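Here is the structure we will look at.
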Amino acid sequence: MGVVFPTPAKSMSSPLLKTPLNEVHRAAGAKMVDFGGWDMPVQYSGLLDEHHTVRNAVGVFDVSHMGEIEVRGPEALKLVEYVTTNAASRLAEGQAQYSALLYSHGGFVDDILVHKVADESYFLCVNASNQDKDFAHIAAANKDSGFDCEVEFASPKYAQIAVQGPKALATAQKLTDSPLSPIRYYWFTDGTFAGVPARMARTGYTAEDGFEIYVAPGNAAHVWNAIMDAGAEFGIKPCGLGARNTLRLEGAMALYGHEIDASIHPFEAGLAWIVKLEKGDFIGRDAIKDKRDSITRRLTGFEMRGRGIGRDGYEVAINGSPAGWVTSGSPGPTVNKNIGLCYLPIEHAKPGVQIEITIRNQAVLAETVPTPFYRRAK
Amino acid sequence: MSYPENYRYTKEHEWIAVEGAVATIGITDHAQAELGDIVYVDLPAVGKTLAVGDSFGSVESVKAVSDVYAPVSGAVVDANTALNDEPGILNSDPHGSGWLIKISLSDAAELDGLLSATAYEEYIQAEH
């Protein structure tokens with residue numbers, strides 16, 4: 001059969017990068033794949049089982065491949081404001097925000113999380129496959145602008161473990177004296193977790209409650225095992241990138257390289273809420289400042305009506321005419337429908353439009369719907 | 001899961017069981033494990049004629065879709081329509097009730113180039 005199986009590591013021209021938990025995954029029997037040059041677990045017990053475990057109880061993800069960049073110094077905020085779209089000035093100490101780095105032409109360098117550690121210290125979490133590019137982008141902007149601050153490529157200092165699901169709080173709280181319940185969504189605290197120094201952020205990529213725990217790489221295996229033990233009473237399971245993708249897609253959260261890339265700007269991606277034009281100049285602002293109300297295409301959710309799954313890259317037509325493309329598509333295990341996101345001309349980018357997705361040379365009916373596909377009960 | 005000794009296998013991860021002039025074709029346990037949870041199976045209509053290498057259908061999991069190719073030539077005499085309603089059978093019993101199609105062999109000599117169970121197991125070991 002024509003399965004494109006993951007390329008075996010030994011045939012790669014350059015060795016795959018490994019997280020500090022690589023041996024833990026292999027010992028646990030995870031199926032490993034090459035994910036943007038990283039040897040990562042795509043699944044453990046099975047994608048659907050892991051997906052439902054996160055929705056109903058708690059799952060744990062190794063996301064140590066994600067990158068970290070630290071900006072420190074008297075003008076750290078000025079640099080962060082200059083390279084990101086959201087208003088970092090509005091952050092309080094211990095607060096995080098979703099934001100983006102743009103090129104001067106307005107396309108995405110990356111989507112990122114900005115954490116304010118202190119007045120002169122910001123911690124950025126960026127996508128794994130973009131981290132070198134992001135660092136170069138920010139460092140160049142710092143050099144050009146002459147701000148009084150330093151930019152550090154901090155990825156080697158951190159492993160990151162995500163604990164996600166309705167039992168994530170109960171699981172994580174067993175491992176720290178820091179009160180986690182008062183930490184609101186998109187806030188964080190620094191403290192001790194499983195006996196080691198950690199940053200505990202109430203963030204995630206699953207549309208569930210949960211925490212993303214940053215620890216030193218040397219402590220990662222210890223922390224992972226402690227989380228597995230603490231969550232055992234709730235039925236915790238290790239989860240791979242496969243479930244991470246279906247969970248984020250049900251939440252209609254963007255994935256770089258799919259919904260967003262250098263050819264897409266934030267208004268097209270439905271991310272106007274992370275663009276604060278009024279905050280002052282930032283890289284990309286000039287290119288997009290007049291586009292908020294004049295976009296020609298927009299990211300739109302759809303559900304399959306016919307039999308099939310509209311997958312990434314498939315063509316979308318309306319009344320037989322080419323109209324756009326699917327950015328992500330998959331079964332939605334919780335919503336129990338085949339769902340996806342696609343770019344459509346702005347006049348069709350609204351719920352209730354019949355579209356046709358070309359699946360293996362056949363036009364299969366789908367309909368645009370509001371997003372997100374899944375929203376957790378508060 | 002063991003690979004039946006009386007089956008033949010391909011490097012494209014299919015198995016072929018021959019009984020008289022009819023070959024039953026499926027995907028291997030290794031293939032279903034690589035694909036993960038299977039959600040759709042598309043199979044050809046009975047009567048369709050296949051040449052070696054023709055795509056005769058597809059198997060779709062939560063995360064990927066894969067074409068399935070004919071390892072031998074012949075006409076389709078049966079398709080496992082039970083997979084339409086319960087595609088998960090392919091995960092739970094790939095070498096048995098998860099079979100895909102049966103074809104009437106047009107040239108039994110085509111079987112000669114296929115792998116034995118031992119050779120296939122060695123092949124997938126070496127692949128990993």
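The values are calculated or read from the model by the stated rules, or taken from the named source; none is laboratory data. This structure is a prediction, so every number in the text was calculated from the model and none was measured. Note that each Cβ is placed from the backbone with ideal geometry, even for glycine, and that neighbours are counted across all protein chains shown. Areas reflect the complete protein model, heavy atoms only, side chains present, ligands, DNA and RNA absent. Shrake-Rupley method; radii C 1.70, N 1.55, O 1.52, S 1.80 Å.
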Cα→Cβ-extended label distance, 7 Å offset, between A:Asp177 and B:Lys11, nm: 6.2
Of A:Leu79, A:Leu101, A:Leu16, the one that fluctuates the most in a GNM where chain A has Cα springs shorter than 10 Å: A:Leu16
Net charge of neighbours whose Cβ lies under 15 Å from the Cβ of A:Val369, counting Lys and Arg as +1 and Asp and Glu as -1: +2
Chain lengthening between B:Ser2 and B:Ala82 when straightened (0.36 nm per residue, less Cα-Cα): 26.5 nm
Where N is the number of residues in the stretch A:296-369, Cα Rg divided by 2.2 N^0.38 Å: 0.95
Ranking by accessible area, most exposed first, for A:Glu356, A:Glu212 with a 1.4 Å probe: A:Glu356, A:Glu212
A:Thr176 - accessible surface, heavy atoms, 1.4 Å probe, Å² rounded to 10: 10
Between the stretch B:1-74 and the stretch A:140-161, the Cα center-to-center distance that results, in Å: 51
Protein-only accessible surface order, largest first, of B:Asp42, A:Asp286, A:Asp177 at 1.4 Å: A:Asp177, A:Asp286, B:Asp42
All-pairs alpha carbon distance profile, the stretch A:67-144, 5 Å steps from 0, percent: 3, 17, 32, 29, 15, 5, 0
Cα pair distances in the protein assembly as shown, grouped into 20 Å bins until the bin that holds the longest one, percent each: 21, 50, 25, 4, 0
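Sorting A:Arg376, A:Arg298 by accessible area (1.4 Å probe), largest first, what list results? Please report the intermediate quantities before stating the final value.
Numbers: A:Arg376 55, A:Arg298 95 Å².
My answer, sorted largest first, is A:Arg298, A:Arg376.
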Separation between Cα centres of the stretch A:72-116 and the stretch A:230-281, rounded to whole Å: 16
In nm, spacing of pseudo-spin labels at A:Asp119 and A:Val335 (7 Å Cα→C-beta vector): 4.5
Residue-count net charge about A:Gln160 - beta-carbon cut-off 15 Å; Lys, Arg +1, Asp, Glu -1: 0
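Counting only helical runs of four or more DSSP H residues, what would the 222 nm mean residue ellipticity of the protein assembly as shown come to if each run contributes -39,500 (n - 2.57) and the total is spread over all its residues?
Per the formula, -5000 deg cm²/dmol.
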Portion, in percent, of the accessible area of chain A that falls on carbon or sulfur, probe 1.4 Å: 51
Averaged over B:26-34, number of beta-carbon atoms from partner chains that fall within 10 Å: 2
Rg to Rh, two decimals, where chain B supplies the alpha carbon set and Rh follows Kirkwood: 0.93
Residues of type aspartates and glutamates that A:Lys378 reaches as a straight line, Cα spacing below 15 Å, ignoring anything fewer than 8 places off in the same chain: A:Glu208, A:Asp209
Under 15 Å, Cβ to Cβ, from A:Asp261 - net charge with Lys/Arg +1 and Asp/Glu -1: -4
Per-residue SASA entry for B:Lys11, accessible area with 1.4 Å probe, Å² rounded to 10: 110
Listed residues A:Arg292, A:Arg360, A:Arg55, most fluctuating in chain A (Gaussian network, C-alpha, under 10 Å): A:Arg360
Fluctuation leader among A:Ala28, A:Ala207, A:Ala139 - chain A, Gaussian network, Cα springs under 10 angstrom: A:Ala28
At most 15 other Cβ within 10 Å, DSSP loop - chymotrypsin sites (Phe, Trp or Tyr not before Pro), the stretch A:74-103: A:Tyr103
Probe 1.4 Å, accessible area per residue of the stretch B:1-65, Å²: 40
Heavy atoms of A:Thr334: accessible area, 1.4 Å probe, square angstrom to 10: 50
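Quick test of the membrane-span-like rule: which DSSP H helices of chain A reach at least 15 Å along their long axis (C-alpha atoms) with mean Kyte hydropathy at least -0.5?
Details: long enough: A:131-145 (21 Å, -0.99); A:220-231 (16 Å, 0.52).
Going by DSSP H runs, the hits are A:220-231.
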Average accessible surface area per residue within the stretch A:212-355, 1.4 Å rolling probe, Å²: 39
Solvent-accessible area buried by B and A, counting both chains, probe 1.4 angstrom, square angstrom: 2100
Cα-based reach from B:Lys102 at 18 Å (exclusive), listing lysines while leaving out same-chain residues under 8 positions away: B:Lys48
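Rounded if a/c is under 1.5, else prolate if a/b is larger than b/c, else oblate: which is the stretch B:54-128, with a ≥ b ≥ c the root eigenvalues of its Cα gyration tensor?
oblate
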Nearby lysines by direct alpha-carbon distance to A:Lys31 (threshold 22 angstrom, same-chain neighbours under 8 apart not counted): A:Lys10, A:Lys18, A:Lys237, B:Lys11, B:Lys63
